[in-house]
Structure formats: C-alpha cells, structure tokens
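As structure tokens, the structure follows; a few thoughts come after it.
The values are calculated or read from the model by the stated rules, or taken from the named source; none is laboratory data. Since this is a predicted model, take the numbers as computed values, not measurements. Note that we place each Cβ from the backbone using ideal geometry, even for glycine, and neighbour counts take in every protein chain shown.
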Amino acid sequence: MLVITDTGEKLGLLSKGKALQEAESRGMDLVLVSPDSNPPVAKMMDYSRFRFEQQKKAKEMKKKQKVIVVQEIQLSPTIEKHDFETKAKKARTILMDKGNKVKVTLRFYGRMIVHQDLGKEVIDKFVESLSDCSTVEAPVKLDGRTLFAVIAPKNENK
C-alpha cells in the first residue's frame, strides 16, 4: 500500500505490517483513505483529532443552515374586509420577520364550491396585497374542495 504521512510526504509502497509499525513508531493511526485504488492509499494521522475536526465542521454547518417552515393562513370566500386585512398583516409578519413561507388556503363548504371564481379572486387579492414583500412559489391550485397557493419571502440579495 502507498503510505502518506500527516504532512503529505509520501513514504512509498510499504506492506501492511510495515506501514502499521511505522505509524505506531510515530504515535499515529494508519487510516485507509482509498482502498479501491491500485495500490491502496493509507494516511498516517491522529484519528481522534481528525474525528473531532469533522464533528466540529458538521456542528458549524448545522448552525449555519436555515430551516424553512411553511405556515398556513386560512381564508374564506365570504371573508370580510377587516378579517382579510388582519390575515394579510399576519402573513406579512410571517414572511418578513420570521422569513417563513406562507400557504394560503381557502376551503369551500357545502354549495360554495359552485363559486370557485370568487375563491380564486380572494386568494389572488391576498397574494397581490403581499406582492411587495413576497413572491409566488406555487400558483393558485384547486385540490378537492381546497384552493391554495404558496408564497415565499422576497430575496433581498438578488
């Protein structure tokens, strides 16, 4: 196997026993880096230190990642102006302050399903009222008795 030291220096082709003995004499571990290559490549390193560094990097990456949450706001085809404004204000805080996506749903009950155009108008008006701080991610779509759309916060870095 081809043996490489922790500094990157190649020791050359050594037998497994000789490589282990060399690593032991230097107070390091022998880690098989590329077992499928011809000849296999092994590196001498402090494995516990290496694992610690890997865990540290993983923790740092996890800290930097952002979990996107989709919050739902329910509307009605017969919604009044004040209720509409209140729900729009709530959606605006979700989009701007929390940075989450908003799923706007409108459920038709009973014979309301006959007037789908009214429901579509309500959702379109809702999305239009939030157009300054959001972008439409999924356009208005009917799924059974529910009409829905998904809006996401606008990216300032574009």
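Residues in segment 30-51 that are touching a Pro at 6+ places or on another chain (Cβ under 8 Å) and of a type in the set (S, T, N, Q): Ser34 alone.
Test Ala138 against the criterion of being of a type in the set (Gly, Ala, Ser), part of a helix (DSSP H, G or I), out of contact with any Ser or Thr (no Cβ under 6 Å at 6 or more places or on another chain) and under 28 Å from Gln65 (Cα atoms), and give yes or no. No; evaluated as a whole, the condition is false for this residue. Residues being over 30 Å from the mean Cα position of the chain (by Cα) and part of a helix (DSSP H, G or I): count how many of those fall in segment 66-92. So the count comes out to 5. The condition of being modelled with pLDDT of 90 or more and not assigned by TED's automatic domain parsing to the domain that holds Leu32 holds for only one of Lys103, Lys98, that being Lys103.
Kindly indicate whether any position in segment 39-48 is in contact with a Gly (Cβ under 9 Å, 6 or more places away or on another chain), farther than 20 Å from Ala138 by Cα, without any contact (Cβ under 8 Å) to a residue 60 or more places away in the chain and not in a strand (DSSP E or B). Among the residues of segment 39-48, at least one is in contact with a Gly (Cβ under 9 Å, 6 or more places away or on another chain), farther than 20 Å from Ala138 by Cα, without any contact (Cβ under 8 Å) to a residue 60 or more places away in the chain and not in a strand (DSSP E or B), which makes the answer yes. Looking across segment 1-38, the residues that are of a type in the set (D, E, K, R) and free of Cβ contacts under 8 Å to residues at least 40 places away in the same chain come down to Glu9, Lys10, Lys16, Lys18, Glu22, Glu24, Arg26, Asp29, Asp36.
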